[in-house]
Every structure is written in C-alpha cells, then in structure tokens.
1. What number comes out for the charge environment of Asn14, summing +1 per Lys or Arg and -1 per Asp or Glu over other residues with Cβ under 15 Å away?
2. Suppose a student asked you for the relative contact order of the stretch 591-691, using Cα pairs under 8 Å spaced at least 6 residues apart; what percent would you report?
3. To the nearest µm²/s, what D does Stokes-Einstein give for the stretch 438-497 at 4 °C and 1.567 mPa s, using the Kirkwood radius over alpha carbon pairs as Rh?
4. Can you pull the percent of Cα pairs in the stretch 585-649 with separation above 13 Å?
5. Students often get this wrong: which residues of the stretch 154-168 have the backbone nitrogen under 17 Å from the point 7 angstrom along Cα-to-C-beta of Asp196?
6. From zero outward in steps of 20 Å, how is the percent of C-alpha pairs of the chain spread across the bins?
7. Hey, if we sort His329, His81 by accessible area with the 1.4 Å probe, largest down, what's the order?
8. Write down the percent of antiparallel bridges among all DSSP beta bridges whose residues are both part of the stretch 272-406, to the nearest 5.
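The values are calculated or read from the model by the stated rules, or taken from the named source; none is laboratory data. Everything quoted here is computed from the prediction, not taken from an experiment. Quick reminder, even Gly has a Cβ in these numbers, built from the backbone with ideal geometry, and neighbours come from all protein chains shown. Please note that ligands, DNA and RNA were not included when accessible areas were found on the heavy atoms of the full protein model with its side chains. Shrake-Rupley method; radii C 1.70, N 1.55, O 1.52, S 1.80 Å.
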Amino acid sequence: MNIPLPSIGAKAINYPHFPSRQQEFIFRSHEFATPLQMAKLLKTDEKTVLEAMDAMGIKPGEYCAQMMAKSYITLIKQLWHVLNYDQLLEFLGMTSDELAITLREEDFLDVKLKAKPDCDPLFWEELSPEQIKATKLIKEAMADVSLSGKAPFDFEYNVTPLQFSGKASFDLRILYFFSGLFQHAFDVDSEEYLPDSMLQAYQSIGINGLWTQGILYQLCPFPFEPKLSEGWEKRMENLKKLVGRMKKYGIKLYLYLNEPRSMPAAFYEKYPHLRGHEAQKEKICLCTSTPDVQKYLTDSVELICREVPDIGGFFSITRSENPSNCYSHSNPETCTCPRCSKRPLPEVIGEYFSLLRRGADRVSSGIKVMAWSWGWNTRNLDIIRALPQNVILLSQSELDIPYTIGGVSGNVLDYSISILGPGERALKEWEVAKECGLELGAKVQINTSWECSTVPAIPVYDLIEEHIKRLRDLNIKNLLLSWTLGGFPSRNVMRIAQYFHEGLDNPEAISLTPAEKKASALFCEAFKNFPFSCSVLYSGPQNGGPSNLLYAEPSGYKATMTCFAYDDLNGWRSRYPVPVFYDQFSKICDIWKQGLELIQNDSGEMATMAKAAYLVFSSCRDQIAFYVAREKNDTASMAELAKKEEQTARAMLKLMNENASIGFEAANQYYYSRSVLAEKIINCRYISSLF
C-alpha cells in the first residue's frame, strides 16, 4: 500500500555556520554513519569524507551502528533540512512506505516534524578557497571539544532496594521503560533496550508495571491489508519473551493502544464500507461501528492475551493526536462518518472499550483494561457513564487547575510537575467513575515533563511527594507514573515509593542530607515560576534547551511540537508578554542557582540532574534575550549572548559525557546528542564572530 509522506514545504534553512551543505551533512551524520556510508550518498570516496571530517576537527563515531538502530529519530531530525526524500530514504535504508509508517507511528513524528523542507540534491563538490578558510573556524571551535565519555545508552541506575511492609496503597505502579523503542519495541529482542539491570532497578523501587505502545496491525494479522502485518509472528514472539523476562522481576507489561490506526485514502478504494471520519486528507478513520472493524479489534486483543497470558493489560486514549475512532478528531456536529455521526459520542467510545474488554475476557477477566480520559474535554462524564464494568478510569491528575504566573492566568490543560494536582476535572471524573462502580487510576509525571523533558529526573522532591500523598489520601489505587518521558529508575521514584505501601522498612535508603533537603526545597520554589501553558510545554525552548541553534537572521519557520524550536519567540511564549516570559525563566534561574550552590560539590544523581536542569533554564533565558536583541538590532548583545550559549552548551556536553541519560527522551530518542551540542558550539562561535 502506498502511504504518502508529509508534503514538501518551504525551502530548507541554510545554516551559515557550515561553509557548505556537504559539511553540514557530514557533521550531522558522523555519529550515525561510517565515512563510507556518507561517501556513497555524496557520490565520492571514503578518503574524501575522512579528509573533510579532519578539516572540521571530528573523528568517525564510535557507536554508529548503535545510534542508527536506537536513535534514528535524532538522525531524521538532524537531516530534515539537509536531504531530500530520495536521499534521506537512501541514507536511512528505508522504502517510502517504511519511512511513512515510521513518521506516523513513532508517536506522530510527522506532526512534530511538520512539512518536509525543500532540499536540493546533495553531492560532493570541491570547496572554494573562501569555504576552506571558513572551515578553519569549525576546527578551532572543535579543538577542545570532547565527544568521548559514557557510551550512548550506557544508562546507570543507582538505586537502593527498598523493603516494603503492610498493604499496598497503590495496586498498579506503572512507568514507561526509560530507553524503550516506541514503534519498534517488538521488532528486536527486548534485551537491546530493556536490560535486566533496568528491570532489577524497577523491581527494587516498587514498580510493578511497565508500558509500551502496541500497534495491533503489527502484532496481529491485519485482515484487510495483510502486507502491513508482515513479521507479526516474530513480533508476537518478542512480546512473549519480554513478558516472560519481566515476570521474573514481578513486573507486568501494559500495551498502549491507540486504535484502530487510520488508513490512507487508497485503502478505502478496496474497503469503502469501512471508511469513517476523514480526520485528515490521508488519515481516514477505520469506523468502529462496522462489524468487520469490531471483530478485528476484539479478535486482536484476544489473540495477544491468548498468546501472552501473563500480559498485564491495555490502556487506550480515544482522542489523541493520532486519528483512530471516528470521534477521535471530531464531534457530532463535524463527524463525516455516515454511521457514527448518527450515534451518541459516549456510546461509540464506550463500545470501543467494550470491544477491548470482550477480547481480554475471552482469556481472563484479570487482564486490565484502562480508559484514559485524555482529550475528553467535553462529554467526559457521559463517556465515563458509558464505559463497561471491569474497566479502570484513568484521569489526568493535573487537568483543570487554575494558575496565575507572572500575571498570566489559565488552567492546566496537560500534565505538569510545577503545578500540583489533582485538579477539579480529575476529581469530578473519579467521583462519577466511583458512582459507576469503576476502578480509579491517575496519570501523573513524577520524574520529568515537557517543562524540562531532557533532564530524566528533575529533583523537585517536595512537589512530587505531595502529589502522590494527595492521590493516596483520595484512595486512588492505580498509578500511571509517566508518559514516554519520565521512566528513569531514579531518586524521584524512590522518594515517592515510600507511599506505595503502608510501611517502608529501610527509610534510610531514601534519606536526604540537610543540604539536599534545602536544595530540593529551593528547586521546588524555583520551578513554580515556570511560565506554564500547553503551548509553552510543546513549542517552548525548554525541551531542546542548550541544543537549540541560534539564528542571526529570521529562519521563517514556526516552532513545532516538542521537536524544532527554531527562533519562534512568539510561538514559544504563548500568552506571556516577552518581558514576563524572560522574567519567569530568570526567576527560575536565580532561585535554582541558590539550591545548586548547596550541592555543587556533590557528584550523585541529584546534583547531576540539578545542574542539567539549570543549564536548560538558563539557556532558555538567554535565547529569549538573544531574539529580543535581534529585534532591536543590538549586535553587541547578540554576540555576548552567543558566547554565553556556547559556554552553556559546553557545560551540558560535559554532563552528557559523564551521564548518558542526559538529553534522552524515549519518544524523541536522543533529543540532542553530543554532536548536536557540538554543532551548537560551532553555531555560537560563528555568530559571535559576525559582530
């Protein structure tokens, strides 16, 4: 089946800190590919590429195969403005359909990347004398830059086994496995991304569930387009092996289902009777009101449960960024499905969960099914009342919390650590669910969030502990403790684990020194100043932090969801006036620095994460100032801020060399790798040389 790739958009950005596009390609690829692989794409020889690398002061990557296998999203992002589709496919070794599926199914990567920039074909060309001279600036910048240290993915889990006693306060305590492969989790042996050391760490700190995405057409036969399911038997075996490995540690696996997956228009030429709501031009819903789709959903869940009877269960979002059921991107007034548009919305959603529940019940009523109310902004209470029995209602704990920050007021519309839950909407949803006889669950973030996603465990212990205590006191029995970000086996998890059971018999294992207590309290105070809004979470500069390149001239591009920040200050700040946006990050930095000074000589997890978070927030502050200066044509300030950003990037690179978890977030893989930060150093050096 021909699955369309994202459309071609505006002309690709020219990054002038590279004298030529071929150098940009080589620099951005050398962590992922060998000189020979790069040479083949450029239609030159290996010796030429090696000489080009030497001229820029870089060496062949030590872990190319590993980075290509486990962090291909990082590479796709790096080359989005460099290679056209044909060359990108050639370099990645993918067919057009394979790349299209990757962009669709890797946590809607296509939405994050937006339209493909228009790139001219790239081939090797000899450098001009001016380009050779400009290349020397790159080599000078790289002269004292080290890209060596901890190997990528060499994550350390410095946890102490906790000893619990008494009755469990929370039945389910579920995290995403920190280094999981979102789309390809079952294409490879799970030991490649979930080693026993990580499972042991989770077990030691009271985690009894882990989750990952499950795509039904990849795990089970897809009756309508069998080619899409090729290799499902192998993936099922890998799923079975993973669940078996986890069982040894007392941990269950839960699959996130965002089903049924939408199909392109060509699919419905053969199956017009399955066509539902047209959410997007090439993302048309498979209608869950049709008997064939209902049978597919129920039979697929049954097959998974029958083949893997030790599976913990499933949870599903029915109104996410991915089009799935006909009401996932519509309401009764806008739905174009000839069947669902005539049915009540709650009935359609309730029926979907009944189909999942029916498939699981054919094997065991003990297999969990969770309905996550994310996106049910209206009719949510009616939907809860339409859910079948033996379903857990999973509510976003932080939803609908009013706030005023920097004089700007709003309500939390997505998960947060800086603003404490639970919110009014979750409380009301749990009240209705309890009346309906449903079990209650809370979705929270206890390690990190989109407020600072590339720091695996933000050490704001008082905030996360208070949130978990509130949920315990409300008798919420099931916890989904992270989205794809936030699964690190950390001290954060150890701190909240004291509330998992009635007793903790070795409290000394989670104790803090007086300096750590005071530092964490200051970090909490600082973090409350985060300029919160959903737009800031997803478009702001804080996810890329020091890796965000500086633009001396406007790029013309708008920030994209947790992917490219570009120079879109107006997109970053949402409703916050620029001076307020700057001041909020300044306040965070000022208070955070006070806490950091108390533990600056420490070398443990808390100090490392606190330093990384400070670098992210201070980089945000300075990037805002840079674009304010650019607007005023204040070139002197731009040059000084570029120098500050260079030092920040260098400091973050040093931390990454010491701790491989910094910069990693499973849905984006290495949001920034070492070479990405090295490019930022070159970028800053170039800009400061302009003025």
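1. Values: positive: Lys11, Arg21, Arg28; negative: Glu24, Asp118, Asp120, Glu553, Asp567, Glu679.
It works out to a net charge of -3.
2. On the way: 78 pairs, mean separation 27.3, N = 101.
In percent, rounded to a whole number, it is 27.
3. 110 µm²/s
4. 65 percent
5. Within reach of a label on Asp196: 157.
6. Calculated over all Cα pairs of the chain, the distribution is 18, 52, 28, 2 percent.
7. His329, His81
8. Details: 3 of 11 bridges.
That works out to approximately 25 percent antiparallel.
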